[in-house]
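> Sending over a structure as structure tokens; questions will come in a sec.
The numbers here are math on the coordinates, done by the rules we state, and not lab data. From a predicted model like this one, the values you see are computed outputs, not experimental measurements. Note that we place each Cβ from the backbone using ideal geometry, even for glycine, and neighbour counts take in every protein chain shown.
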Amino acid sequence: MPRPSRALLMAALASLATLHGLAGVGATVEETCSAAASRDRRVDYGFCVSELSKHRDSPSADACGLAKVAANVGVNNAGAAVNDLEALLTAAAVQQPPPDARVTAALRLCEKLYYDMELAFAGAYDETNAHNYTAGRQMAADADSLVRRCTGGFAEAGLPPPEPVARRSAYAVQIAIVCTAITNLLISP
Ligand SMILES: *[C@@H]1O[C@H](CO)[C@@H](O)[C@H](O)[C@H]1NC(C)=O
């Protein structure tokens with residue numbers, strides 16, 4: 001039996017893709033990030049595509065699934081930030097001469113805020129999973145305000161945040177924006 005030609009295979013795949021589209025599943029990361037960026041100018045399209053694409057759930061996810069992926073990525077980043085902050089506080093405790101007390105206070109505040117952020121993103125995941133999108137959006141917005149309070153703690157002391165904190169914070173702001181924007185697409189497509 002002759003093997004089907006590549007053209008026939010591609011046509012078959014294309015019609016499958018159309019069926020998927022009609023069923024409303026398997027929204028691509030690119031399509032969803034593009035729609036989110038058109039709706040909300042704060043969304044960094046390149047960040048959205050690269051970070052959501054890394055997740056194993058993304059290839060088969062619809063828009064709701066991608067909002068959950070964004071929340072999950074937010075949980076992971078916040079958890080990693082808590083670890084970074086614990087390491088910084090441990091190092092500060094033995095540093096000679098001791099660091100400025102304002103640095104230690106700002107690090108402690110950030111550790112608490114990132115812990116709360118982990119819970120906020122986890123809550124956003126759960127609410128989105130339960131299709132309560134307005135509650136999910138609120139929790140993603142809570143995550144955004146928590147990271148701003150962390151960076152604000154350093155700004156008030158007139159100090160730059162240490163590099164890992166600055167990096168985690170920039171990441172947290174972006175993923176919270178992506179999560180909020182995709183959830184907004186679910187609320188009003
Ligand atoms: C959605 O979540 C909010 C806040 O947790 C809650 O007050 C509301 O009852 C929930 N709505 C539904 C339909 O479950």
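> If I model a spin label as a point 7 Å beyond the Cα along the Cα-Cβ vector, how far apart are those points for Arg39 and Gln95 in nm?
Label at Arg39, label at Gln95, 4.2 nm between them.
> Additional query: Go through Gly46, Asn184, Tyr114 and say which Cα lies farthest out towards the positive end of the charge dipole of the stretch 6-187; charges sit on Cβ, +1 for Lys and Arg, -1 for Asp and Glu.
Result: Gly46.
> Could you derive backbone 3J(HN,Hα) for the stretch 47-52 from the dihedral phi with the Karplus parameters 6.51, -1.76 and 1.60 (θ = phi - 60°), listing whole Hz in sequence and x where the residue is Gly or Pro?
4, 4, 5, 5, 6, 6
> Along the charge dipole of the chain, which of Ala27, Met139, Cys64 sits closest to the positive end, that is, farthest toward it, with unit charges on the beta carbon of Lys, Arg, Asp and Glu (+1, +1, -1, -1)?
Ala27
> How big is the charge dipole of the stretch 6-187 about its Cα centre, in debye rounded to the nearest 20, if each Lys and Arg gets +1 on its Cβ and each Asp and Glu gets -1 on its Cβ?
240
> Let me ask something additional. Round to the nearest 10 and give me the degree value, 0 to 90, for the angle of helix 6-23's Cα axis relative to the longest principal axis of the chain.
Long axis of 6-23 versus the principal axis of the chain: about 60 degrees.
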